[in-house]
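J.: One structure is given below, represented as structure tokens, and several questions about it will come after.
The values are calculated or read from the model by the stated rules, or taken from the named source; none is laboratory data. It should be emphasised that the depicted structure is a prediction, and the values quoted were computed from it without experimental measurement. Quick reminder, even Gly has a Cβ in these numbers, built from the backbone with ideal geometry, and neighbours come from all protein chains shown. When the accessible area is computed, the model is the full protein with side chains, heavy atoms only, and any ligands, DNA or RNA have been set aside. Shrake-Rupley method; radii C 1.70, N 1.55, O 1.52, S 1.80 Å.
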Amino acid sequence: MKFVLPALAMFASLVAAENCQTGLNYCSFTLMGKGDYHQQILKALDEGGVDPAVVNYDYYLYHCDGGSNGAISLNKACPKGCHDAGSNESDSCI
């Protein structure tokens, strides 16, 4: 029984997290709905030359580069906001 509970807890955490789909673009709130993308979003902004401390990251579109960790990169700014296009579709700027 000591082994079963930790195994179930680990399985539950794996089921809850989902990586982005390679090749698609995502709004930050869509990425956050898939899992804990907060640090990756901040890193993508920084690597894209945008200071994450002074911008609202909801006004940017991110590209899913893929890989086992669901790597993302900054795609472009969305000055009017971002639109969630739904499953298996790229999100877009408004």
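J.: Could you name the aspartates and glutamates whose alpha carbon sits less than 14 Å from that of LYS80, not counting residues in the same chain fewer than 8 places away?
T.: ASP58, ASP91
J.: What is the local net charge at ASP36, summed over the other residues whose Cβ is closer than 14 Å to its Cβ (Lys, Arg +1; Asp, Glu -1)?
T.: +1
J.: Taking H as built 1.01 Å from N, whose amide H comes closer than 5 Å to the amide H of ALA85, not counting residues under 5 places away?
T.: Amide H neighbours of ALA85: ASP91, SER92.
J.: Considering the convex hull of the alpha carbon atoms of the range 31-94, report its projected area averaged over all viewing directions, in nm², one decimal.
T.: Its average projected convex-hull area is 4.3 nm².
J.: I would also like to ask the following. Quote the accessible area belonging to HIS38 in square angstrom, nearest 10, computed with a 1.4 Å probe and with ligands, DNA and RNA left uncounted.
T.: Near enough 60 Å² of accessible area.
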